[in-house]
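Heads up: the structure comes next, in C-alpha coordinates.
The values are calculated or read from the model by the stated rules, or taken from the named source; none is laboratory data. No experiment lies behind these values; they were computed from the predicted model shown. No Cβ is skipped: glycine too gets one built from the backbone with ideal geometry, and neighbour counts run over all protein chains shown. With ligands, DNA and RNA removed, areas are computed over all heavy atoms of the protein, side chains included. Shrake-Rupley method; radii C 1.70, N 1.55, O 1.52, S 1.80 Å.
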Amino acid sequence: MTSTPSVPEGLPAPLSQASKLIGEGALGKAEGVLRVFVHDHPEDVNGIRLLGEVGLALGALRDAENLLSRAVELAPDYNAARFAYANALYRRHRYEESLKELGRLLAQEPDNPAWRTLQAANLVDLNEHHKALPVLEGIIENHPEYRQAWLSYGHAQRALGETELAIEAYEQCIELSSGVGEAYWSLANLKTYRFSAAQIEAMEALLSSDNCDFRDYYHALFALGKAREDAGEHKKAMAAYLKGNQVRGRQVPWDIDGFERDSRQIMDFFDPVFFADREGWGAADTSPIFVVGLPRAGSTLVEQILASHSQVEGTAELADIIAIARDLSGKRRQRDASLYPGSLAELEAADVQMLGERYIQGTQKQRLTDSPFFVDKMPNNFSHVGLIHLILPHAKIIDARRHPLDCCFSAFKQLFAAGQGFSYGLQRIGHYYRWYCETMAHWDEVLPGRVHRVHHERLLDDFEGEVRRLLGYCDLPFEEQCLSFHETRRRVRTASSEQVRQPINRDGMGRWEPYAEWLGPLREALGPALKAYPGD
(Lines give C-alpha, C1' and ligand atoms only; values in the text may rest on other atoms or scores of the structure.)
Protein backbone atom coordinates (compact mmCIF):
# COMPACT_ATOMS: atom_id res chain seq x y z
CA MET A 1 0.00 0.00 0.00
CA THR A 2 1.12 3.56 -0.63
CA SER A 3 0.85 6.09 2.15
CA THR A 4 2.31 9.33 3.40
CA PRO A 5 5.01 8.65 6.03
CA SER A 6 3.65 8.93 9.57
CA VAL A 7 5.48 11.34 11.85
CA PRO A 8 6.35 10.69 15.53
CA GLU A 9 6.06 13.52 18.08
CA GLY A 10 8.85 15.13 20.11
CA LEU A 11 11.59 14.79 17.50
CA PRO A 12 15.04 16.42 17.22
CA ALA A 13 15.08 19.59 15.12
CA PRO A 14 16.28 17.95 11.84
CA LEU A 15 13.55 15.32 12.10
CA SER A 16 10.95 17.98 12.81
CA GLN A 17 12.14 19.86 9.74
CA ALA A 18 11.93 16.69 7.66
CA SER A 19 8.47 16.00 9.06
CA LYS A 20 7.30 19.44 7.98
CA LEU A 21 8.64 18.83 4.48
CA ILE A 22 6.88 15.45 4.38
CA GLY A 23 3.60 17.14 5.29
CA GLU A 24 4.11 19.57 2.40
CA GLY A 25 4.81 16.73 -0.03
CA ALA A 26 8.43 17.83 -0.51
CA LEU A 27 9.73 14.28 -0.15
CA GLY A 28 12.95 14.87 -2.09
CA LYS A 29 13.97 17.68 0.27
CA ALA A 30 12.93 15.61 3.28
CA GLU A 31 15.08 12.75 2.04
CA GLY A 32 18.13 15.04 1.90
CA VAL A 33 17.62 16.21 5.48
CA LEU A 34 17.03 12.68 6.73
CA ARG A 35 20.08 11.22 5.00
CA VAL A 36 22.35 13.70 6.72
CA PHE A 37 20.69 13.02 10.08
CA VAL A 38 20.87 9.23 9.76
CA HIS A 39 24.51 9.45 8.67
CA ASP A 40 25.27 11.38 11.86
CA HIS A 41 22.94 9.28 14.04
CA PRO A 42 23.15 5.76 12.57
CA GLU A 43 21.18 4.17 15.40
CA ASP A 44 18.32 6.66 15.68
CA VAL A 45 15.36 4.44 14.83
CA ASN A 46 12.96 7.35 14.29
CA GLY A 47 15.27 8.85 11.69
CA ILE A 48 15.88 5.48 10.04
CA ARG A 49 12.16 4.73 9.90
CA LEU A 50 11.27 8.13 8.47
CA LEU A 51 13.98 7.83 5.83
CA GLY A 52 12.78 4.34 4.97
CA GLU A 53 9.16 5.48 4.63
CA VAL A 54 10.21 8.41 2.45
CA GLY A 55 12.11 5.93 0.32
CA LEU A 56 8.93 3.88 -0.01
CA ALA A 57 6.98 6.95 -1.10
CA LEU A 58 9.67 7.82 -3.66
CA GLY A 59 9.82 4.28 -5.02
CA ALA A 60 13.34 3.52 -3.76
CA LEU A 61 12.09 0.17 -2.52
CA ARG A 62 15.38 -1.65 -1.96
CA ASP A 63 16.87 1.24 0.03
CA ALA A 64 13.63 1.49 2.01
CA GLU A 65 13.63 -2.21 2.83
CA ASN A 66 17.25 -2.11 4.02
CA LEU A 67 16.58 0.90 6.24
CA LEU A 68 13.39 -0.48 7.75
CA SER A 69 14.97 -3.87 8.32
CA ARG A 70 17.71 -2.06 10.23
CA ALA A 71 15.14 -0.16 12.30
CA VAL A 72 13.43 -3.42 13.27
CA GLU A 73 16.79 -4.98 14.11
CA LEU A 74 17.65 -2.07 16.40
CA ALA A 75 14.20 -1.87 17.99
CA PRO A 76 12.29 -5.18 17.67
CA ASP A 77 9.34 -3.80 19.66
CA TYR A 78 9.01 -0.64 17.54
CA ASN A 79 5.69 -1.57 15.91
CA ALA A 80 5.54 1.42 13.59
CA ALA A 81 8.89 0.40 12.09
CA ARG A 82 7.81 -3.22 11.75
CA PHE A 83 4.61 -2.17 10.01
CA ALA A 84 6.60 0.02 7.61
CA TYR A 85 8.96 -2.91 7.01
CA ALA A 86 5.98 -5.17 6.24
CA ASN A 87 4.76 -2.52 3.79
CA ALA A 88 8.19 -2.45 2.11
CA LEU A 89 8.12 -6.23 1.72
CA TYR A 90 4.61 -5.99 0.26
CA ARG A 91 5.68 -3.31 -2.20
CA ARG A 92 8.56 -5.57 -3.28
CA HIS A 93 6.11 -8.43 -3.91
CA ARG A 94 7.51 -10.48 -1.02
CA TYR A 95 4.04 -11.29 0.24
CA GLU A 96 4.75 -14.27 2.49
CA GLU A 97 7.49 -12.35 4.31
CA SER A 98 5.20 -9.35 4.70
CA LEU A 99 2.46 -11.56 6.14
CA LYS A 100 4.95 -13.03 8.59
CA GLU A 101 5.84 -9.57 9.93
CA LEU A 102 2.17 -8.64 10.11
CA GLY A 103 1.48 -11.85 12.01
CA ARG A 104 3.86 -10.71 14.74
CA LEU A 105 2.04 -7.38 14.96
CA LEU A 106 -1.47 -8.84 14.87
CA ALA A 107 -0.59 -11.25 17.68
CA GLN A 108 -0.36 -8.14 19.86
CA GLU A 109 -3.26 -6.16 18.44
CA PRO A 110 -5.57 -8.37 16.34
CA ASP A 111 -8.06 -5.62 15.47
CA ASN A 112 -5.61 -2.96 14.25
CA PRO A 113 -7.27 -1.71 11.02
CA ALA A 114 -4.07 -0.57 9.30
CA TRP A 115 -2.33 -3.87 9.93
CA ARG A 116 -5.38 -5.87 8.89
CA THR A 117 -5.75 -3.84 5.68
CA LEU A 118 -2.16 -4.51 4.68
CA GLN A 119 -2.73 -8.18 5.46
CA ALA A 120 -5.69 -8.16 3.08
CA ALA A 121 -3.67 -6.37 0.39
CA ASN A 122 -1.06 -9.14 0.54
CA LEU A 123 -3.76 -11.78 0.25
CA VAL A 124 -5.28 -10.03 -2.77
CA ASP A 125 -1.93 -9.98 -4.55
CA LEU A 126 -1.52 -13.67 -3.75
CA ASN A 127 -4.88 -14.22 -5.52
CA GLU A 128 -6.40 -15.30 -2.21
CA HIS A 129 -9.45 -13.07 -2.49
CA HIS A 130 -11.55 -15.58 -0.58
CA LYS A 131 -9.38 -14.84 2.46
CA ALA A 132 -8.92 -11.11 1.83
CA LEU A 133 -12.58 -10.12 1.50
CA PRO A 134 -13.65 -11.39 4.96
CA VAL A 135 -10.70 -9.54 6.50
CA LEU A 136 -11.75 -6.28 4.81
CA GLU A 137 -15.41 -6.81 5.66
CA GLY A 138 -14.42 -7.29 9.30
CA ILE A 139 -12.45 -4.04 9.32
CA ILE A 140 -15.36 -2.16 7.73
CA GLU A 141 -17.77 -3.58 10.30
CA ASN A 142 -15.56 -2.69 13.28
CA HIS A 143 -14.00 0.49 11.87
CA PRO A 144 -16.49 1.93 9.35
CA GLU A 145 -14.62 5.22 9.33
CA TYR A 146 -11.31 3.65 8.20
CA ARG A 147 -11.06 4.81 4.61
CA GLN A 148 -8.14 2.60 3.51
CA ALA A 149 -10.27 -0.48 4.16
CA TRP A 150 -13.02 0.90 1.94
CA LEU A 151 -10.47 1.63 -0.79
CA SER A 152 -8.90 -1.81 -0.55
CA TYR A 153 -12.35 -3.42 -0.53
CA GLY A 154 -13.19 -1.50 -3.68
CA HIS A 155 -9.95 -2.57 -5.35
CA ALA A 156 -10.59 -6.23 -4.49
CA GLN A 157 -14.15 -6.12 -5.82
CA ARG A 158 -12.98 -4.42 -8.99
CA ALA A 159 -10.40 -7.15 -9.60
CA LEU A 160 -13.19 -9.72 -9.27
CA GLY A 161 -15.38 -7.86 -11.76
CA GLU A 162 -17.88 -6.68 -9.13
CA THR A 163 -17.93 -3.12 -10.44
CA GLU A 164 -21.05 -1.92 -8.63
CA LEU A 165 -19.68 -3.08 -5.27
CA ALA A 166 -16.39 -1.34 -6.08
CA ILE A 167 -18.21 1.91 -6.89
CA GLU A 168 -20.19 1.72 -3.66
CA ALA A 169 -16.97 1.30 -1.68
CA TYR A 170 -15.22 4.22 -3.40
CA GLU A 171 -18.25 6.48 -2.96
CA GLN A 172 -18.46 5.53 0.70
CA CYS A 173 -14.84 6.61 1.06
CA ILE A 174 -15.77 10.02 -0.36
CA GLU A 175 -18.62 10.26 2.14
CA LEU A 176 -16.07 9.81 4.93
CA SER A 177 -14.27 12.98 3.72
CA SER A 178 -10.95 11.21 4.20
CA GLY A 179 -8.67 10.20 1.36
CA VAL A 180 -11.24 11.51 -1.11
CA GLY A 181 -8.66 12.25 -3.80
CA GLU A 182 -7.67 8.60 -4.03
CA ALA A 183 -11.34 7.58 -4.02
CA TYR A 184 -12.14 9.98 -6.87
CA TRP A 185 -9.20 8.59 -8.83
CA SER A 186 -10.29 5.01 -8.15
CA LEU A 187 -13.67 5.85 -9.70
CA ALA A 188 -11.98 7.53 -12.68
CA ASN A 189 -9.65 4.57 -13.07
CA LEU A 190 -12.60 2.27 -13.72
CA LYS A 191 -12.58 4.01 -17.15
CA THR A 192 -16.35 3.39 -17.47
CA TYR A 193 -17.48 5.64 -14.59
CA ARG A 194 -18.87 9.10 -15.40
CA PHE A 195 -18.73 11.93 -12.86
CA SER A 196 -21.67 14.21 -12.19
CA ALA A 197 -21.43 18.00 -12.33
CA ALA A 198 -21.65 18.04 -8.53
CA GLN A 199 -18.72 15.63 -8.21
CA ILE A 200 -16.62 17.73 -10.59
CA GLU A 201 -17.43 20.81 -8.53
CA ALA A 202 -16.43 18.94 -5.36
CA MET A 203 -13.08 17.95 -6.93
CA GLU A 204 -12.43 21.57 -7.93
CA ALA A 205 -13.22 22.69 -4.38
CA LEU A 206 -10.90 20.05 -2.93
CA LEU A 207 -8.05 21.20 -5.18
CA SER A 208 -8.62 24.85 -4.19
CA SER A 209 -8.61 24.12 -0.47
CA ASP A 210 -5.60 25.11 1.61
CA ASN A 211 -6.23 21.98 3.69
CA CYS A 212 -6.02 19.56 0.75
CA ASP A 213 -3.71 16.69 1.63
CA PHE A 214 -0.82 16.25 -0.79
CA ARG A 215 -1.87 12.71 -1.81
CA ASP A 216 -5.46 13.87 -2.27
CA TYR A 217 -4.15 16.70 -4.44
CA TYR A 218 -2.45 14.74 -7.18
CA HIS A 219 -5.03 11.95 -7.14
CA ALA A 220 -7.79 14.52 -7.61
CA LEU A 221 -5.91 16.17 -10.48
CA PHE A 222 -5.80 12.95 -12.48
CA ALA A 223 -9.45 12.24 -11.64
CA LEU A 224 -10.47 15.76 -12.68
CA GLY A 225 -8.59 15.33 -15.96
CA LYS A 226 -10.62 12.19 -16.71
CA ALA A 227 -13.87 13.93 -15.73
CA ARG A 228 -13.14 16.94 -17.96
CA GLU A 229 -12.10 14.67 -20.83
CA ASP A 230 -15.36 12.72 -20.61
CA ALA A 231 -17.22 16.05 -20.71
CA GLY A 232 -15.38 17.05 -23.89
CA GLU A 233 -13.54 19.90 -22.12
CA HIS A 234 -10.14 19.04 -23.54
CA LYS A 235 -8.28 22.22 -22.62
CA LYS A 236 -9.32 21.92 -18.96
CA ALA A 237 -8.58 18.20 -19.03
CA MET A 238 -5.08 18.78 -20.39
CA ALA A 239 -4.41 21.43 -17.73
CA ALA A 240 -5.32 18.91 -15.02
CA TYR A 241 -3.25 16.13 -16.59
CA LEU A 242 -0.21 18.39 -17.00
CA LYS A 243 -0.43 19.60 -13.41
CA GLY A 244 -0.97 16.07 -12.09
CA ASN A 245 2.07 14.78 -13.96
CA GLN A 246 4.16 17.72 -12.81
CA VAL A 247 3.27 17.11 -9.17
CA ARG A 248 3.59 13.32 -9.28
CA GLY A 249 6.73 13.53 -11.42
CA ARG A 250 8.51 15.43 -8.67
CA GLN A 251 7.74 12.55 -6.31
CA VAL A 252 8.69 9.79 -8.76
CA PRO A 253 11.86 10.95 -10.52
CA TRP A 254 13.05 9.39 -13.75
CA ASP A 255 16.57 9.37 -15.19
CA ILE A 256 16.11 9.67 -18.96
CA ASP A 257 19.84 9.49 -19.68
CA GLY A 258 20.26 6.59 -17.29
CA PHE A 259 17.53 4.56 -18.98
CA GLU A 260 19.08 5.16 -22.39
CA ARG A 261 22.50 4.19 -21.04
CA ASP A 262 21.12 0.99 -19.48
CA SER A 263 19.30 0.12 -22.72
CA ARG A 264 22.46 0.56 -24.75
CA GLN A 265 24.40 -1.55 -22.28
CA ILE A 266 21.86 -4.37 -22.57
CA MET A 267 21.95 -4.26 -26.37
CA ASP A 268 25.75 -4.20 -26.42
CA PHE A 269 25.99 -7.20 -24.11
CA PHE A 270 23.42 -9.56 -25.60
CA ASP A 271 24.86 -10.37 -29.02
CA PRO A 272 24.45 -13.47 -31.22
CA VAL A 273 27.72 -14.96 -29.96
CA PHE A 274 26.54 -14.81 -26.34
CA PHE A 275 23.42 -16.82 -27.16
CA ALA A 276 25.22 -19.23 -29.53
CA ASP A 277 27.74 -20.08 -26.81
CA ARG A 278 24.90 -20.89 -24.40
CA GLU A 279 22.50 -22.71 -26.69
CA GLY A 280 20.57 -25.37 -24.80
CA TRP A 281 21.10 -23.73 -21.40
CA GLY A 282 18.29 -22.89 -19.02
CA ALA A 283 15.31 -24.66 -17.50
CA ALA A 284 13.28 -27.03 -19.64
CA ASP A 285 9.91 -25.71 -18.46
CA THR A 286 7.52 -24.67 -21.24
CA SER A 287 4.73 -23.11 -19.15
CA PRO A 288 5.46 -19.34 -19.10
CA ILE A 289 3.99 -16.96 -21.67
CA PHE A 290 5.44 -13.48 -21.23
CA VAL A 291 3.58 -10.42 -22.50
CA VAL A 292 5.85 -7.37 -22.62
CA GLY A 293 5.58 -3.81 -23.90
CA LEU A 294 4.40 -0.55 -22.38
CA PRO A 295 1.53 0.07 -19.97
CA ARG A 296 -1.69 0.97 -21.80
CA ALA A 297 -0.52 -0.82 -24.98
CA GLY A 298 -3.12 -3.58 -24.95
CA SER A 299 -1.23 -6.18 -22.93
CA THR A 300 -4.21 -6.87 -20.65
CA LEU A 301 -6.34 -7.59 -23.73
CA VAL A 302 -3.72 -10.04 -25.03
CA GLU A 303 -3.58 -11.69 -21.61
CA GLN A 304 -7.39 -11.92 -21.44
CA ILE A 305 -7.54 -13.56 -24.87
CA LEU A 306 -4.92 -16.10 -23.84
CA ALA A 307 -6.51 -16.68 -20.43
CA SER A 308 -9.78 -17.53 -22.19
CA HIS A 309 -8.06 -20.63 -23.60
CA SER A 310 -8.65 -23.89 -21.72
CA GLN A 311 -4.89 -24.53 -21.40
CA VAL A 312 -3.82 -21.07 -20.17
CA GLU A 313 -4.05 -19.34 -16.80
CA GLY A 314 -3.80 -15.57 -16.48
CA THR A 315 -1.93 -14.40 -13.41
CA ALA A 316 -0.73 -10.78 -13.08
CA GLU A 317 2.21 -8.46 -13.64
CA LEU A 318 4.75 -10.66 -11.88
CA ALA A 319 7.94 -9.12 -10.54
CA ASP A 320 10.01 -12.31 -10.55
CA ILE A 321 12.14 -11.60 -13.65
CA ILE A 322 12.86 -8.07 -12.44
CA ALA A 323 13.82 -9.51 -9.04
CA ILE A 324 16.27 -11.93 -10.69
CA ALA A 325 17.81 -9.09 -12.72
CA ARG A 326 18.05 -7.01 -9.57
CA ASP A 327 19.88 -9.79 -7.73
CA LEU A 328 22.25 -10.20 -10.67
CA SER A 329 22.99 -6.47 -10.50
CA GLY A 330 24.67 -6.86 -7.12
CA LYS A 331 23.28 -3.50 -6.03
CA ARG A 332 22.68 -2.96 -2.33
CA ARG A 333 21.64 0.68 -2.73
CA GLN A 334 19.86 2.47 -5.53
CA ARG A 335 22.88 4.59 -6.36
CA ASP A 336 25.29 1.62 -6.65
CA ALA A 337 26.64 0.66 -10.09
CA SER A 338 24.91 -2.37 -11.60
CA LEU A 339 26.76 -5.57 -12.53
CA TYR A 340 23.84 -6.67 -14.75
CA PRO A 341 23.85 -7.86 -17.47
CA GLY A 342 27.63 -8.39 -17.41
CA SER A 343 27.37 -10.76 -14.45
CA LEU A 344 25.59 -13.28 -16.69
CA ALA A 345 28.86 -13.95 -18.52
CA GLU A 346 30.28 -15.50 -15.34
CA LEU A 347 27.47 -18.05 -14.87
CA GLU A 348 27.78 -21.72 -15.70
CA ALA A 349 25.00 -23.79 -17.30
CA ALA A 350 23.87 -25.12 -13.92
CA ASP A 351 23.58 -21.57 -12.55
CA VAL A 352 21.43 -20.49 -15.48
CA GLN A 353 19.19 -23.53 -15.10
CA MET A 354 18.74 -22.70 -11.40
CA LEU A 355 17.62 -19.17 -12.29
CA GLY A 356 14.96 -20.56 -14.62
CA GLU A 357 13.80 -23.00 -11.97
CA ARG A 358 13.78 -20.18 -9.41
CA TYR A 359 11.39 -18.25 -11.64
CA ILE A 360 9.05 -21.23 -12.05
CA GLN A 361 9.07 -21.98 -8.33
CA GLY A 362 8.60 -18.33 -7.36
CA THR A 363 5.56 -17.85 -9.60
CA GLN A 364 3.75 -20.88 -8.22
CA LYS A 365 2.20 -18.73 -5.50
CA GLN A 366 0.27 -16.88 -8.21
CA ARG A 367 -1.09 -20.07 -9.79
CA LEU A 368 -4.65 -21.09 -8.97
CA THR A 369 -5.10 -23.88 -11.52
CA ASP A 370 -3.10 -26.75 -12.99
CA SER A 371 -3.26 -25.33 -16.54
CA PRO A 372 -0.14 -26.27 -18.52
CA PHE A 373 0.58 -22.60 -19.40
CA PHE A 374 0.36 -19.27 -17.57
CA VAL A 375 0.73 -15.62 -18.56
CA ASP A 376 3.15 -13.19 -16.91
CA LYS A 377 2.26 -9.73 -18.23
CA MET A 378 4.85 -7.54 -16.54
CA PRO A 379 5.32 -4.97 -19.35
CA ASN A 380 8.74 -3.78 -18.16
CA ASN A 381 10.18 -7.21 -18.93
CA PHE A 382 10.88 -6.03 -22.49
CA SER A 383 14.33 -4.98 -21.26
CA HIS A 384 14.94 -8.54 -20.05
CA VAL A 385 13.99 -10.59 -23.12
CA GLY A 386 17.63 -11.74 -23.33
CA LEU A 387 17.56 -12.93 -19.73
CA ILE A 388 14.22 -14.67 -20.26
CA HIS A 389 15.50 -16.47 -23.36
CA LEU A 390 18.65 -17.54 -21.52
CA ILE A 391 17.01 -19.00 -18.41
CA LEU A 392 13.68 -20.11 -19.98
CA PRO A 393 14.50 -20.94 -23.61
CA HIS A 394 11.11 -22.61 -24.21
CA ALA A 395 8.98 -19.75 -22.86
CA LYS A 396 6.85 -17.74 -25.27
CA ILE A 397 7.39 -13.98 -25.50
CA ILE A 398 4.75 -11.62 -26.91
CA ASP A 399 5.27 -7.92 -27.56
CA ALA A 400 1.98 -5.99 -27.23
CA ARG A 401 2.39 -2.76 -29.19
CA ARG A 402 0.11 0.22 -29.81
CA HIS A 403 0.41 3.41 -31.87
CA PRO A 404 2.93 5.61 -30.04
CA LEU A 405 0.63 8.63 -29.63
CA ASP A 406 -2.30 6.55 -28.39
CA CYS A 407 -0.08 4.49 -26.10
CA CYS A 408 2.01 7.31 -24.66
CA PHE A 409 -0.85 9.73 -24.13
CA SER A 410 -2.88 7.01 -22.42
CA ALA A 411 0.03 6.31 -20.06
CA PHE A 412 0.48 10.05 -19.47
CA LYS A 413 -3.13 10.22 -18.24
CA GLN A 414 -2.67 7.24 -15.94
CA LEU A 415 -1.80 7.57 -12.27
CA PHE A 416 -0.02 4.34 -11.42
CA ALA A 417 -0.14 2.80 -7.96
CA ALA A 418 3.65 2.75 -7.74
CA GLY A 419 6.74 3.27 -9.86
CA GLN A 420 6.49 3.86 -13.63
CA GLY A 421 8.31 7.18 -13.27
CA PHE A 422 8.84 7.23 -17.05
CA SER A 423 5.14 8.04 -17.54
CA TYR A 424 4.99 11.35 -15.65
CA GLY A 425 5.92 13.73 -18.44
CA LEU A 426 5.45 13.89 -22.20
CA GLN A 427 9.18 13.91 -22.84
CA ARG A 428 9.75 11.06 -20.39
CA ILE A 429 7.17 8.72 -21.90
CA GLY A 430 8.12 9.56 -25.49
CA HIS A 431 11.79 8.82 -24.83
CA TYR A 432 10.87 5.60 -23.03
CA TYR A 433 8.72 4.40 -25.93
CA ARG A 434 11.50 5.20 -28.38
CA TRP A 435 14.05 3.12 -26.48
CA TYR A 436 11.55 0.34 -25.97
CA CYS A 437 11.30 0.15 -29.78
CA GLU A 438 15.09 0.23 -30.11
CA THR A 439 15.44 -2.58 -27.57
CA MET A 440 12.78 -4.75 -29.20
CA ALA A 441 14.40 -4.21 -32.60
CA HIS A 442 17.63 -5.51 -31.08
CA TRP A 443 15.93 -8.68 -29.82
CA ASP A 444 14.45 -9.20 -33.29
CA GLU A 445 17.96 -8.96 -34.73
CA VAL A 446 19.83 -11.23 -32.33
CA LEU A 447 16.94 -13.64 -31.65
CA PRO A 448 15.04 -13.67 -34.95
CA GLY A 449 11.51 -15.03 -34.65
CA ARG A 450 11.77 -15.39 -30.89
CA VAL A 451 9.23 -12.65 -30.08
CA HIS A 452 5.70 -12.55 -31.50
CA ARG A 453 4.39 -9.03 -31.98
CA VAL A 454 0.72 -8.06 -31.61
CA HIS A 455 -0.12 -4.60 -32.96
CA HIS A 456 -3.26 -3.35 -31.26
CA GLU A 457 -4.60 -1.77 -34.44
CA ARG A 458 -4.19 -4.99 -36.42
CA LEU A 459 -5.98 -6.85 -33.65
CA LEU A 460 -8.93 -4.48 -34.12
CA ASP A 461 -8.85 -4.77 -37.93
CA ASP A 462 -8.63 -8.56 -38.14
CA PHE A 463 -9.50 -9.86 -34.71
CA GLU A 464 -9.98 -13.55 -35.45
CA GLY A 465 -6.96 -13.70 -37.76
CA GLU A 466 -4.69 -12.09 -35.17
CA VAL A 467 -6.02 -14.34 -32.41
CA ARG A 468 -5.35 -17.41 -34.54
CA ARG A 469 -1.80 -16.21 -35.22
CA LEU A 470 -1.27 -15.51 -31.52
CA LEU A 471 -2.46 -18.96 -30.49
CA GLY A 472 -0.43 -20.55 -33.28
CA TYR A 473 2.74 -18.91 -31.99
CA CYS A 474 1.96 -20.29 -28.52
CA ASP A 475 1.47 -23.79 -30.01
CA LEU A 476 -2.14 -23.74 -28.83
CA PRO A 477 -5.11 -25.01 -30.84
CA PHE A 478 -7.71 -22.41 -31.74
CA GLU A 479 -10.64 -22.20 -29.31
CA GLU A 480 -13.75 -20.16 -30.03
CA GLN A 481 -13.98 -18.76 -26.50
CA CYS A 482 -10.80 -16.75 -27.10
CA LEU A 483 -12.89 -14.54 -29.40
CA SER A 484 -15.39 -14.03 -26.54
CA PHE A 485 -12.66 -13.02 -24.09
CA HIS A 486 -14.96 -10.47 -22.41
CA GLU A 487 -17.12 -13.30 -21.08
CA THR A 488 -14.21 -14.94 -19.26
CA ARG A 489 -14.57 -14.56 -15.49
CA ARG A 490 -11.19 -14.04 -13.86
CA ARG A 491 -9.34 -11.65 -11.60
CA VAL A 492 -7.82 -8.64 -13.40
CA ARG A 493 -5.77 -6.20 -11.34
CA THR A 494 -4.67 -3.64 -13.96
CA ALA A 495 -6.09 -0.31 -15.14
CA SER A 496 -7.75 -2.12 -18.08
CA SER A 497 -9.82 -4.44 -15.87
CA GLU A 498 -13.20 -3.03 -16.95
CA GLN A 499 -12.20 -2.57 -20.58
CA VAL A 500 -11.33 -6.25 -21.12
CA ARG A 501 -14.77 -7.18 -19.78
CA GLN A 502 -16.31 -5.54 -22.85
CA PRO A 503 -16.33 -6.82 -26.46
CA ILE A 504 -13.51 -5.68 -28.76
CA ASN A 505 -14.01 -2.04 -29.73
CA ARG A 506 -12.21 1.05 -31.02
CA ASP A 507 -13.05 3.37 -28.12
CA GLY A 508 -9.38 3.95 -27.29
CA MET A 509 -8.32 4.81 -30.82
CA GLY A 510 -7.26 8.39 -31.52
CA ARG A 511 -7.89 9.67 -28.00
CA TRP A 512 -4.82 11.89 -28.37
CA GLU A 513 -6.19 13.82 -31.35
CA PRO A 514 -8.14 16.51 -29.45
CA TYR A 515 -4.91 17.23 -27.53
CA ALA A 516 -2.62 17.40 -30.57
CA GLU A 517 -1.70 21.06 -30.08
CA TRP A 518 -0.15 20.26 -26.68
CA LEU A 519 1.74 17.09 -27.68
CA GLY A 520 4.76 18.68 -29.35
CA PRO A 521 7.19 17.51 -26.63
CA LEU A 522 5.87 13.96 -27.01
CA ARG A 523 6.29 13.95 -30.78
CA GLU A 524 9.81 15.32 -30.46
CA ALA A 525 10.82 12.73 -27.86
CA LEU A 526 9.38 9.86 -29.93
CA GLY A 527 11.50 10.90 -32.92
CA PRO A 528 11.89 8.05 -35.44
CA ALA A 529 9.63 5.72 -33.43
CA LEU A 530 6.61 7.79 -34.46
CA LYS A 531 7.45 7.83 -38.17
CA ALA A 532 8.43 4.16 -38.25
CA TYR A 533 5.24 2.77 -36.67
CA PRO A 534 4.14 0.01 -37.12
CA GLY A 535 7.52 -0.94 -38.57
CA ASP A 536 6.72 -4.54 -39.49
(message) Over 10 Å intervals from 0, what percent of Cα-Cα pairs in segment 73-228 sits in each interval?
(response) 11, 36, 33, 17, 3, 0
(request) Just subtract the alpha-carbon distance of Glu487 and Asp327 from 0.36 nm times their residue separation and send over the number in nm, one decimal. (result) 53.7 nm
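Based solely on its DSSP helices, what 222 nm [θ] is calculated for the chain when runs of n ≥ 4 H residues each add -39,500 (n - 2.57) and the sum is averaged over all residues, nearest 500 deg cm²/dmol? Could the numbers behind the result be given before it?
Values: 26 runs with 307 residues, N = 536.
The per-residue figure over the chain is -17500 deg cm²/dmol.
Where nothing but the Cβ of Lys and Arg (+1) and of Asp and Glu (-1) is charged, how large is the charge dipole of the chain around its Cα centre, in debye to the nearest 20? Spell out each step's value before the answer.
Working: 59 positive and 76 negative charges, 147 e Å.
My answer is approximately 700 debye.
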(message) Suppose all protein chains stay in the model; what accessible area per residue would a 1.4 Å probe give for segment 358-474, in Å²?
(response) 30 Å²
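Quick check: at a probe of 1.4 Å, how many percent of the accessible area of the chain sits on carbon and sulfur atoms?
Carbon and sulfur together cover 49 percent of it.
Evaluate segment 249-346: find the radius of gyration of its Cα atoms, find its Kirkwood radius, and give the ratio Rg to Rh. Walk me through the numbers on the way to the answer.
Details: Rg = 16.8 Å, Rh = 16.7 Å.
Looking at segment 249-346, the ratio lands at 1.01.
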(message) Please report Rg (one decimal) and Dmax (integer) in Å for the Cα set of segment 1-138.
(response) 15.0, 47
(request) Note down the nm distance, to one decimal, between modelled labels 7 Å out along Cα→Cβ at His234 and at Gln108. (result) 5.6 nm
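Using a 1.4 Å probe and counting only protein heavy atoms, arrange Val54, Val45 so the residue with the most accessible area comes first. Write out the running numbers ahead of the final one.
Values: Val54 0, Val45 35 Å².
Ranking Val54, Val45 by accessible area, largest first, yields Val45, Val54.
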(request) For the chain, take the alpha-carbon Rg, divide it by the Kirkwood Rh, and send me Rg/Rh. (result) 0.95
(message) Rounded, prolate or oblate for segment 322-421? Axes are the square roots of the Cα gyration tensor eigenvalues, ordered a ≥ b ≥ c, and the cut-off for rounded is a/c under 1.5.
(response) oblate
(request) Might you tell me the accessible area per residue for segment 181-244, computed with a 1.4 Å probe and given in Å²? (result) 40 Å²
(message) Straight-line reach from Lys226: which lysines fall under 28 Å, measuring Cα to Cα and dropping same-chain residues less than 8 apart?
(response) Lys191, Lys235, Lys236, Lys243, Lys377, Lys413
